[in-house]
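Enquirer: Below you'll find the structure I mean.
Throughout, read-outs are computed from the coordinates displayed, never taken from laboratory work. Fair warning: this is a prediction, and the values are worked out from it, not measured in the lab. As a convention, Cβ positions derive from the backbone with ideal geometry for all residues, glycine included, and neighbour counts pool all protein chains shown.
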Amino acid sequence: MTNESWELSKKYDADFIPTSLPIVIERGQGVILTDSTGHQTIDLGDIIANVGHSHPRLVQAIHQAAANMIVGKGSWTNPERARLMQRLVELTPANLDKVFFATSGSEIVEWAIRMARRLTGKHEILSFWGGVYGRTLGAISMNGLQKRRRKYGPLLPGTIHAPYAHCYHCAFDKKIESCNFYCVDYLDRILEFESTGDLACLIVEPYEGVGGLLFPPPGYLTRLQSWARERNVIFILDEIQSSFGRTGKMFALEWENLSPDILCVGKGMGGGVSIAALVASTPLADALAPGEMSGGNGGNPLACASALAVIDILRDENLVENSYRVGEYMLARAREWQKQFALVGDVRGRGLCIAVEFVKDRATKEPARGFAHTLSERCYPKGLAVHGMDHILALRPPLIITADQATRAMDVIEETIKEMVA
Ligand SMILES: Cc1ncc(COP(=O)(O)O)c(C=O)c1O
């Protein structure tokens, strides 16, 4: 399978990830990926191609925008950018009425923090164990995964980390039936010892994506939002992964009717063209001086036209509903595996964002290290590109996946688990 692109990457890529499968993807159409050998796989491991790969309407919108004007002119606006801002304000909760664009989620998170600091005049940020909010120095300071923070020297002062509500591995060893969201109440205790009394904001994901697709129980985010409001703490919801239909709602906040002070969106927003945004309430946006939130490529017409096309496609093809419906099917199938295979410890998810966690022992929940990774490598020759994060299998297909394709995908995974446990 090795070919020239693989060798060139090995030689020049500053972030080359050695894997046992030297795969070079040459083409993506719908949910199907084709590699350099002509081998085709169903893409089950994507968080960007929400409308599928190279959707014809998206391609057309990109062609048109590129032929018209690619470069956004600094502080001037352009029609695509203006329309996209309007669409985002219409789609998001009523308290959010101002939009800012950037080219990546990490940048957007940085701006959200800057807004919160400016408005409150405070500097501390509360974030969560297992959370990943980006890759810039500010964002990694907030990240709740040690491996994403270590060995960069001192990070942003004033970042405070607290346990997330991941009930399968509850940090307090409590049960959801009786805990009454102890982890939210415990935040006060953390602040009592960790804070200088200067907390500006908290940032949280509706589910922790990079951390292992960790879904909190229903009601947790509502409690967290109230906790923040009662203490005048800016509530930032990081939907960079979960936005645009991934969880079976346009935005995951709709599951609990949340109204964050700042909503961060990105990833699948441009269907592969880089764009991310924050939607905030006026007082937050006004806390920064005009012109302060600039950025070279943010809000360029090509990226905005792509995002508009993605939003139209999601609506016209009922892809958010499809995400919910096919997601329910896949979740039910994965829950069957829990009955069938002792090493399936936890199955969780919403919409087309599902995690299967493999454990050595159900009682101790000790991770079956590498199992999902090996499983994903074994699925590839059978026509399935799925992401194995160590012991957690992440199922995140484009939202256009059909029930038949989902069935085929789940059959392949099931058959491969059987082979591996035999
Ligand atoms: C929840 C969340 N926020 C922010 C980011 C950073 O986004 P980007 O990779 O576009 O900088 C990520 C990236 O994985 C993410 O999952």
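Enquirer: Within the set of other residues whose C-beta is less than 15 Å from the C-beta of Glu321, count the net charge using Lys and Arg as +1 and Asp and Glu as -1.
Expert: Cβ neighbours under 15 Å give a net charge of +1.
Enquirer: Summing Lys, Arg as +1 and Asp, Glu as -1, what charge do residues with Cβ under 14 Å from the Cβ of Val310 carry, Val310 excluded?
Expert: Summing Lys/Arg as +1 and Asp/Glu as -1 gives +1.
Enquirer: Same structure again: Count the net charge of all other residues whose Cβ sits under 14 Å from the Cβ of Ala403, scoring Lys and Arg as +1 and Asp and Glu as -1. Intermediate values should be presented prior to the final figure.
Expert: Details: positive: Arg325, Arg333, Arg408; negative: Glu321, Glu328, Asp404, Asp411.
Around Ala403, the surrounding residues sum to -1.
Enquirer: Which trypsin sites (Lys or Arg not before Pro) in the stretch 168-210 sit in a loop by DSSP (not H, G, I, E or B) and have at most 16 other Cβ atoms within 10 Å of their own Cβ?
Expert: In loop regions of the stretch 168-210 (DSSP not H, G, I, E or B), the sparsely surrounded trypsin sites (Lys or Arg not before Pro) are Lys174, Lys175.
Enquirer: Another question about this same structure. Just going by the charge dipole of the stretch 220-361, with Lys and Arg at +1 and Asp and Glu at -1 on Cβ, which of Leu343, Pro283, Ile234 is farthest out on the positive end?
Expert: The Cα lying farthest towards the positive end belongs to Leu343.
Enquirer: Now a separate question. Can you give the FRET efficiency to the nearest 0.05 for Ser195 and Asp404, using r as the Cβ-Cβ distance and R₀ = 56 Å?
Expert: On the way: r = 53 Å, r/R0 = 0.94.
The pair Ser195/Asp404 has a calculated efficiency of 0.60.
Enquirer: Gain in length, Glu254 to Lys11, computed as 0.36 nm per residue apart minus the alpha-carbon separation, to one decimal in nm?
Expert: Details: separation 243, 0.36 × 243 = 87.48 nm, distance 4.55 nm.
Additional length available on full extension: 82.9 nm.
Enquirer: Quick query: amide H of Ala276 versus all other amide H atoms, modeled in the peptide plane; which residues come in under 5 Å with a sequence gap of 5 or more or a different chain?
Expert: Ala102, Thr103, Ser104
Enquirer: Indicate the gyration tensor shape class of the chain (rounded, prolate or oblate), computed on the Cα atoms with a ≥ b ≥ c the square roots of the eigenvalues: a/c under 1.5 is rounded; otherwise a/b larger than b/c is prolate and the rest oblate.
Expert: Cα axes put the chain in the oblate bin.
Enquirer: Is there a quick way to get the dipole size of the stretch 275-422? I mean about its Cα centre, with the Cβ of Lys and Arg at +1 and of Asp and Glu at -1; what is the value in debye to the nearest 20?
Expert: Computed charge dipole of the stretch 275-422: roughly 480 debye.
Enquirer: Still on this structure, please answer the following. What residue among Ser36, Ser141, Leu375 has its Cα farthest toward the positive end of the dipole of the chain, where the charges are +1 on Lys, Arg and -1 on Asp, Glu, each on the Cβ?
Expert: Farthest along the dipole direction, towards plus: Ser141.
Enquirer: Next question. Taking a point 7 angstrom from the Cα of Asn297 along the C-beta vector, which residues in the stretch 67-85 have backbone N less than 20 Å away?
Expert: Residues 67-82, 84-85 fall inside that zone.
Enquirer: Given +1 on the Cβ of Lys and Arg, -1 on the Cβ of Asp and Glu, and no further charges, what dipole in debye does the stretch 69-316 carry about its Cα centre, rounded to the nearest 20?
Expert: Computed charge dipole of the stretch 69-316: roughly 600 debye.
Enquirer: Round to the nearest 0.05 the FRET efficiency obtained for Asp173 and Asn68 when R0 = 60 Å and r is the Cβ-Cβ distance.
Expert: E between Asp173 and Asn68, to the nearest 0.05, is 0.55.
Enquirer: Also, quick follow-up: Can you give me the Rg/Rh ratio for the stretch 69-316, using Cα atoms for both radii and the Kirkwood formula for Rh?
Expert: So for the stretch 69-316, dividing Rg by the Kirkwood Rh gives 0.96.
Enquirer: Still on this structure: Would you mind checking the stretch 234-263 for residues with the amide N under 14 Å from a putative spin-label position 7 Å along Cα→C-beta of Arg315?
Expert: Residues 250 fall inside that zone.
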